[in-house]
Amino acid sequence: LIWFLFNSLAYSQYAINGDAYQLSDQCFRLTPDKFSQSGSVWSLNKVNIKQDFEISLTMYFGNKDHGADGMAFVLQKTSNAAGTQGVGIGYQGIDTSFAVEFDTYKNGGEITDDHCAVQKDGVLNHGGPYNLFPDFSISDGDIEDDTEYNVVFKYTHGDSTFIVLF
């Protein structure tokens, strides 16, 4: 079971795909606790990257260690459909994208712990040129710990700085 709550997009409309479900005005369950599920939620209100912005979320990754596969915060302008599910964490294959992934499952070439990485253009290779910030362990290596995490994504246009507070 993976869900998140928008804290700062109170008046957005959303495109909901796959197994995702809207629990309340600002709370969404991306996947139920079942095998081979995939879901995505896209805000229909566009973010202007020529201006500063800040987006706050509460994210919950469940309570089953070694669950799969995680979720990602993605900025893209292509469509409101999800990218590749499973190892693709919902953004693989979305060209012209910027993704902050929260990966809860070790796939080949990744670190063992639950981790975060920043990728571009829908490519998940953490060792290649599409990796903008190398993968690093988060929350002592386990974010499937029945905890609600407050996460802030903050962009400053003037110096092109993107900050993730987890």
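Observations
- Failed condition for I163, given (1) at pLDDT 90 or above; (2) out of contact with any Ser or Thr (no Cβ under 9 Å at 6 or more places or on another chain); (3) surrounded by fewer than 15 Cβ atoms within 10 Å (Cβ to Cβ): (2)
- For the range 112-129, the tally of residues that are outside any loop (DSSP other than H, G, I, E, B), open to solvent by 60 Å² or more (accessible area, probe 1.4 Å) and touching a Lys or Arg at 6+ places or on another chain (Cβ under 9 Å) stands at 0.
- Failed item in (1) modelled with pLDDT of 85 or more; (2) out of contact with any strand residue (DSSP E or B) (no Cβ under 9 Å at 6 or more places or on another chain), with Y91 passing the rest: (2)
- Residue in the range 111-122 that is of a type in the set (D, E) and farther than 27 Å from D33 by Cα present: yes
- Residue match in the range 130-140 (condition: at pLDDT 85 or above, open to solvent by less than 50 Å² (accessible area, probe 1.4 Å) and not in a loop (DSSP other than H, G, I, E, B)): yes
- Of the listed requirements (1) open to solvent by 30 Å² or more (accessible area, probe 1.4 Å); (2) over 17 Å from D65 (Cα atoms); (3) modelled with pLDDT of 90 or more; (4) under 15 Å from the mean Cα position of the chain (by Cα), E148 misses just one: (2).
- Scope the range 102-128; condition among the charged types (D, E, K, R) and in contact with a helix residue (DSSP H, G or I) (Cβ under 7 Å, 6 or more places away or on another chain); matching residues: D113, D114
- As a summary of the residue check, L23 satisfies the conditions (1) out of contact with any Ser or Thr (no Cβ under 6 Å at 6 or more places or on another chain); (2) open to solvent by less than 20 Å² (accessible area, probe 1.4 Å) except for the one numbered (2).
The values are calculated or read from the model by the stated rules, or taken from the named source; none is laboratory data. Just so you know, these numbers come straight off a predicted model, no measurement behind them. With ideal geometry, Cβ positions are generated from the backbone for all residues, glycine too; neighbour counts draw on all protein chains shown. All accessible areas refer to the heavy atoms of the entire protein, side chains included, with ligands and DNA or RNA removed. Shrake-Rupley method; radii C 1.70, N 1.55, O 1.52, S 1.80 Å.
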